[in-house]
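Participant: Sharing a structure, written as structure tokens. Questions coming.
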Amino acid sequence: MITRRKFFSGVAAIAGGSAAISRLARGAEVVANQSPPAVQPGNQPYTPVVTPNGTTLPWKLVDGVKEFHLVAEPVKRVFAEGMMVNCWGYNGQTPGPTIEAMEGDRVRIFVTNHLPEATSIHWHGVILPNGMDGVGGLTQKHIPPGETCAYEFTLKQSGVQMYHPHSDETVQMAMGMQGFFVIHPKGGYAAPVDRHFCIFLQEWFVEPGTFTPNPNVMTDFNLFTFNSRIFPGTDPLVAKLGQRVRVSLANLSMDSHPIHFHGHRWWVVETDGGPIPKSAWWPETTVNVPPGSTRTVEFVADNPGDWAFHCHKNHHTMNAMNHNIPNMIGVNQKETRINKLVPGYMAMGTSGMGEMSEMKMGPPPKNTVAMMTGDGPFGPIAMGGMFTILKIREGITSYDDPGWFRQPEGTGPGFLKS
Amino acid sequence: MITRRKFFSGVAAIAGGSAAISRLARGAEVVANQSPPAVQPGNQPYTPVVTPNGTTLPWKLVDGVKEFHLVAEPVKRVFAEGMMVNCWGYNGQTPGPTIEAMEGDRVRIFVTNHLPEATSIHWHGVILPNGMDGVGGLTQKHIPPGETCAYEFTLKQSGVQMYHPHSDETVQMAMGMQGFFVIHPKGGYAAPVDRHFCIFLQEWFVEPGTFTPNPNVMTDFNLFTFNSRIFPGTDPLVAKLGQRVRVSLANLSMDSHPIHFHGHRWWVVETDGGPIPKSAWWPETTVNVPPGSTRTVEFVADNPGDWAFHCHKNHHTMNAMNHNIPNMIGVNQKETRINKLVPGYMAMGTSGMGEMSEMKMGPPPKNTVAMMTGDGPFGPIAMGGMFTILKIREGITSYDDPGWFRQPEGTGPGFLKS
Amino acid sequence: MITRRKFFSGVAAIAGGSAAISRLARGAEVVANQSPPAVQPGNQPYTPVVTPNGTTLPWKLVDGVKEFHLVAEPVKRVFAEGMMVNCWGYNGQTPGPTIEAMEGDRVRIFVTNHLPEATSIHWHGVILPNGMDGVGGLTQKHIPPGETCAYEFTLKQSGVQMYHPHSDETVQMAMGMQGFFVIHPKGGYAAPVDRHFCIFLQEWFVEPGTFTPNPNVMTDFNLFTFNSRIFPGTDPLVAKLGQRVRVSLANLSMDSHPIHFHGHRWWVVETDGGPIPKSAWWPETTVNVPPGSTRTVEFVADNPGDWAFHCHKNHHTMNAMNHNIPNMIGVNQKETRINKLVPGYMAMGTSGMGEMSEMKMGPPPKNTVAMMTGDGPFGPIAMGGMFTILKIREGITSYDDPGWFRQPEGTGPGFLKS
């Protein structure tokens, strides 16, 4: 509960803490596609999570309370080189910076509204007093533009939760407003975790040639992102051979996203309802993440290599394409009327679309990334959207991108010409 | 098995039991949005389920058999004030009244067809002899209009199952034909249940300005209901502080519905395949209910307040909207040509859609509810569709709507003007 | 790992083993809708799986390695009588023939590309060295048309996995390229399995009147198949009363498919991540299979009869229909203008669509199967797409279709005219 005194201590923190706030404001200029800085003051009794292409929210301790500050605001987000989208987010980012704390912590979170309309924040899955639940109209008044709202509560649980608006939420979530809220268990994890990645799964419709997501769209999305980035703009997930790795996936979109990875199987160990008792764990290579849910999976990175990590709805690993173009598979285009008029004309897709990843075509619409793209060590990877690479290496000393995996002699497939 | 004698005892029940039938007919006039009457004769060895905005089907005991009567028929259903839909259902209701019985019971269910076409009823998830399975053409002839079909079987299991047509089922289910079939365990529940709500999840497409669902639609639905009601027409779920509560969710629509609630976490304890062994329970705050399934969740209502309870596909908490309108987010409408012609003109959505919940706009199409609506104690809630409120209160003596929660002093968020 | 020597032993197998290859080529002519031959050399220490309407891939033992050969190629597939589709698949089939092996086996799989574009094969869920993972561009070069690629690895796990292209995969999977990869456990199953069915769940869009799937479609599919067949072209699943039955379901489509069966409940025992520990099994009557996943369910066939077995998304049990036709439910067509011009004219759907399964209408578009079809012992079943029948019989001595179930006297429903 926020007593009057505590609330004013919060005010004091804002008033007196302008250095902290301006530091936060600079956070808004964080360059996309960068590893998160170690922002927490001092050492923490947990392995900090990594939010690929994102950051963790700094906090400061005021009278034993961890104080965080989120600024809801328009954000220009580069989804991948060549494509910038007018989003809404927090602190210059979409998804917003990851909130990270410990079970038992008391937290105070200031939310400043720099959007053109009212907002609020709901702490999805967090057990708290009704007044702190953040449902505009029901548990609090909507936060008008220009105002700041202070939430305060004690974390009674552990798990990977989310934060998002509960005020014009269909629009605001479609524009990119969401973030992770990670609460580490007081007693530590049953098996210590070496690496922990947090990836938000998102869907957008940005009309090719335009810059702003259309929040009216309900089913026919054309961009599918990991932390508001599309392949090849997605950071690789780097781990050392033998490490115990967690991946937390969160979804506030309209569709389930079945996230698959190669070379291993993982166990589903948590939902946004908290840790799943070990007797109930399921092994999977694909974890289906329904809307309004998180799923945390755990595995031992015991198989070195470059392993695809992606949504298994195949259109979600492609960038913007038109789903209504005529079907050219198998059409003999040499015999069409247009070929008589334009000799050598070849429409796309007659023998599949694999060729498109290598073709040099005419200029695409502005602000649009190729449907299938990305180059690997053996040629075009021809993916997009929700796709990245889990890079497991022996003997690495940093988590910087280690480049392509060098397959040991004789461990690749053989080729025969017929 | 229905022997000839038993079958005729059923006939007798219909012939001699016209009082019962006319009572059923009156059931068809039950006012929507009302709590179910205690219809079972005498006390039952279980806590009766509550079907919000619906009812439980009365029965009478004939020679040790519980006799029920369902009448398949067109139903005019008020989805919320201002919107009436031409549905099909049972006994004047959609969803049909909830069938409730005990493991070990022998039941006889008469199904009278007052639809303009043939029907049948399949008892989804119920273990019974093949001939009673209700699949038109495969296990029985379709029930022609005007005829009555008598099903009879012994309940060998416990769990929350469903009933629905298996005859022109795509049309008939899209029109509202479905209901709960709850079978309580013979030995009682492991932990006694104080409150048990049953909510059917449904999707519809009703062209704005019209009255009849379009059963041809496969993906682009525009109305999403709890027991054929849209917010704010949905009954609140009222529980006393500390009660053990079950919610059973059933889905026969085309999409999964991830149902989320606030302030707590629940355990998934049953499917339409029956009770899940406790070692396999998952904690969740959002339970994903796939089509053709039920999910029963259980929690202790230990957190007082008004807690949002809704589908987490955000378009499913909005009423009819057009998913193809142009995107106005961020468009400076003062500089558009229409403003030169019509000074002061303002199209919707330029700074989000939150404003729409407060604006007074021109008359909507007839028979249409606002896209985002509902007023709370702190302003517009701006929701629709699959949304209701779980109201947990200390010391209540009835389950009537207790009004808005009064947050204890100092437990709400603080506001600062910047 | 494929050493140079081993690789050439593979070459030798191809060069010297032309008899084997030509036998495989003949496999491409296998007639659809036929039970699989017992193709494995000699007896196996497991119950071979049955791929309804499909086959199992033959292999031969070369120096202790099981050698398989897949040929990627265009395939003309009859979905049901009257409808032939231009697909892509393997060895003349879609889905490709089921690969079946044992935990601990070393396998060598030759993949020959007879498609008009490059391909590759990813062994979904199989734990193997990175170089054998089959991701075009990332772990190997794409296999050009006309070339053969040899994969070799040791099976370290058991479970039901899949194979599919990872090269232009959106197109190639939409065209029908996928298959099962079943690995039986070394020590046998905890409870011996008597029958094991493998069914691939697929979605297609074939414009009525045309022959080729449109791979650009993302949401509005119109054909939904079990092993590339639509009801009534789907083989029944035949089991003896009392047998322990497994069904493995695999999905590489864009949607989850909730597969339901009647008269029993099953346990979900495996995913593509392997066996689920028994403490974590869920009982279900409907198992939801997300894209990029397999689910294996197990039950005892203890209830004799003809039991519907189908996807519970109701549009998925219909064949091609138009989802955008006007809604005629309840329209009094006698009073429309067209009736004044054409007396007796009656558009479809005015009192539902059940009538359509019995009506004789004018000629449909060429190469199109009726939306709702199939005749049962009690009249029209009026289904399509992902629908088949589980036939459980006492005392059968073969798994050939036993015809319709004869309900024991007095076990069917009774009918009353009112």
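The values are calculated or read from the model by the stated rules, or taken from the named source; none is laboratory data. Since we're looking at a predicted model, the values are computed, not measured. Virtual Cβ from ideal backbone geometry, glycine too; neighbours counted across all protein chains shown.
Participant: State all residues of region B:96-106 that are more than 15 Å from B:Gly176 (Cα to Cα), touching a strand residue (DSSP E or B) at 6+ places or on another chain (Cβ under 6 Å) and not in a strand (DSSP E or B); if no residue qualifies, say none. Break it down stepwise before answering.
Facilitator: Our first condition is that a residue be more than 15 Å from B:Gly176 (Cα to Cα); within region B:96-106, this holds for B:99-106.
Those still in the list that are touching a strand residue (DSSP E or B) at 6+ places or on another chain (Cβ under 6 Å) too: B:99-103, B:105-106.
Selection gives B:Glu103, B:Asp105.
Participant: Please work out which one of (1) farther than 30 Å from A:Gly292 by Cα; (2) modelled with pLDDT of 80 or more is the condition B:Lys340 fails and give its number.
Facilitator: The one condition B:Lys340 does not meet is (2).
Participant: Could I ask something else about it? Checking the conditions here, which among C:Thr154, C:Thr148 is surrounded by fewer than 24 Cβ atoms within 10 Å (Cβ to Cβ), more than 8 Å from chain A (Cβ to nearest Cβ) and touching a strand residue (DSSP E or B) at 6+ places or on another chain (Cβ under 8 Å)?
Facilitator: Numbers: C:Thr148 fails: more than 8 Å from chain A (Cβ to nearest Cβ).
After ruling out the rest, the residue left standing is C:Thr154.
Participant: Next question, about the same structure. Which condition number in (1) more than 24 Å from A:Gly233 (Cα to Cα); (2) in a loop (DSSP other than H, G, I, E, B) is the one that A:Ser398 fails?
Facilitator: In the conditions (1) more than 24 Å from A:Gly233 (Cα to Cα); (2) in a loop (DSSP other than H, G, I, E, B), A:Ser398 misses (1) alone.
Participant: Output the number of the condition that C:Leu138 fails; it satisfies all remaining conditions of (1) surrounded by 24 or more Cβ atoms within 10 Å (Cβ to Cβ); (2) in contact (Cβ under 8 Å) with a residue 60 or more places away in the chain; (3) in a loop (DSSP other than H, G, I, E, B); (4) within 13 Å of chain A (Cβ to nearest Cβ).
Facilitator: That leaves (2) as the condition not met.
Participant: In region B:221-256, what residues are away from chain C (no Cβ under 14 Å) and among the aromatic types (Phe, Trp, Tyr)?
Facilitator: Within region B:221-256, B:Phe224, B:Phe226, B:Phe231 qualify.
Participant: Select from region C:382-415 the residues that are facing another protein chain (nearest Cβ under 8 Å), under 24 Å from C:Asn53 (Cα atoms) and at pLDDT 95 or above and list them in ascending order.
Facilitator: Result: C:Ile389, C:Phe405.
Participant: Based on what the data block shows, is B:Ile259 within 9 Å of chain A (Cβ to nearest Cβ), in contact (Cβ under 8 Å) with a residue 24 or more places away in the chain and among the β-branched types (Val, Ile, Thr)?
Facilitator: On the way: within 9 Å of chain A (Cβ to nearest Cβ): yes; in contact (Cβ under 8 Å) with a residue 24 or more places away in the chain: yes; among the β-branched types (Val, Ile, Thr): yes.
So B:Ile259 passes the test.
Participant: Output the strands (runs of 3 or more DSSP E) that fall wholly within region C:205-260 and possess 2 or more residues being of a type in the set (Lys, Arg), or say none.
Facilitator: Numbers: elements: C:223-226, C:237-240, C:244-251.
In region C:205-260, the matching strands (runs of 3 or more DSSP E) lie at C:244-251.
Participant: Now, a different point. At least 3 residues that are at pLDDT below 95, more than 28 Å from A:His166 (Cβ to Cβ) and assigned by TED's automatic domain parsing to the domain that holds A:Leu115 in each: list the strands (runs of 3 or more DSSP E) lying fully within region A:12-95 that qualify. Talk me through it step by step, then tell me what you get.
Facilitator: Details: elements: A:60-62, A:65-80, A:83-90.
Ranges flagged: none.
Participant: Report, by residue number, each residue of region C:267-287 that is facing another protein chain (nearest Cβ under 7 Å), surrounded by 23 or more Cβ atoms within 10 Å (Cβ to Cβ) and outside any loop (DSSP other than H, G, I, E, B).
Facilitator: C:Thr271, C:Ala280, C:Trp282, C:Glu284, C:Thr286 - these are the residues of region C:267-287 that are facing another protein chain (nearest Cβ under 7 Å), surrounded by 23 or more Cβ atoms within 10 Å (Cβ to Cβ) and outside any loop (DSSP other than H, G, I, E, B).
Participant: Sticking with this structure for a sec: Would a scan of region B:174-196 turn up a residue that is in contact with a helix residue (DSSP H, G or I) (Cβ under 8 Å, 6 or more places away or on another chain) and surrounded by 24 or more Cβ atoms within 10 Å (Cβ to Cβ)? First the steps, then the outcome.
Facilitator: At the first step, the residues of region B:174-196 found to be in contact with a helix residue (DSSP H, G or I) (Cβ under 8 Å, 6 or more places away or on another chain) are B:174, B:190.
From what is left, the residues that are surrounded by 24 or more Cβ atoms within 10 Å (Cβ to Cβ) are B:174.
Checking region B:174-196: at least one residue is in contact with a helix residue (DSSP H, G or I) (Cβ under 8 Å, 6 or more places away or on another chain) and surrounded by 24 or more Cβ atoms within 10 Å (Cβ to Cβ).
Participant: From the list C:Glu355, C:Glu335, which one is surrounded by fewer than 19 Cβ atoms within 10 Å (Cβ to Cβ), modelled with pLDDT under 70 and under 26 Å from B:Met162 (Cβ atoms)? Walk me through it before giving the result.
Facilitator: On the way: C:Glu335 fails: under 26 Å from B:Met162 (Cβ atoms).
Of the residues listed, the single one that is surrounded by fewer than 19 Cβ atoms within 10 Å (Cβ to Cβ), modelled with pLDDT under 70 and under 26 Å from B:Met162 (Cβ atoms) is C:Glu355.
Participant: Please go through region A:302-320 and give me each residue that is aliphatic (A, V, I, L, M) and at the interface with chain C (Cβ under 7 Å from one of its Cβ atoms), ordered by number. Don't jump to the end; show me each part of the working.
Facilitator: Keep residues of region A:302-320 that are aliphatic (A, V, I, L, M), which gives A:308, A:318, A:320.
Answer for region A:302-320, where residues must be aliphatic (A, V, I, L, M) and at the interface with chain C (Cβ under 7 Å from one of its Cβ atoms): A:Ala308, A:Met318.
Participant: Quick one: would you say B:Met177 is within 24 Å of B:His122 (Cβ to Cβ) and within 9 Å of another protein chain (Cβ to nearest Cβ)?
Facilitator: Numbers: within 24 Å of B:His122 (Cβ to Cβ): yes; within 9 Å of another protein chain (Cβ to nearest Cβ): no.
So B:Met177 does not fit the description; no.
Condition check ((1) surrounded by 16 or more Cβ atoms within 10 Å (Cβ to Cβ); (2) not basic (Lys, Arg)) across all residues:
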position	(1), (2)
B:Lys366	no, no
B:Val369	yes, yes
B:Pro377	yes, yes
B:Pro380	yes, yes
B:Met386	yes, yes
B:Ile396	no, yes
B:Trp404	no, yes
B:Gly414	yes, yes
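Participant: Using beta carbons and a limit of 6 Å, which pairs, at least six apart or on different chains, have the first residue in region B:377-391 and more than 21 Å from B:Ser256 (Cα to Cα) and the second one among the β-branched types (Val, Ile, Thr)?
Facilitator: B:Lys391/B:Val238
Participant: Looking at (1) outside any loop (DSSP other than H, G, I, E, B); (2) touching a Pro at 6+ places or on another chain (Cβ under 9 Å), can you tell me which one A:Ile109 breaks?
Facilitator: (2)
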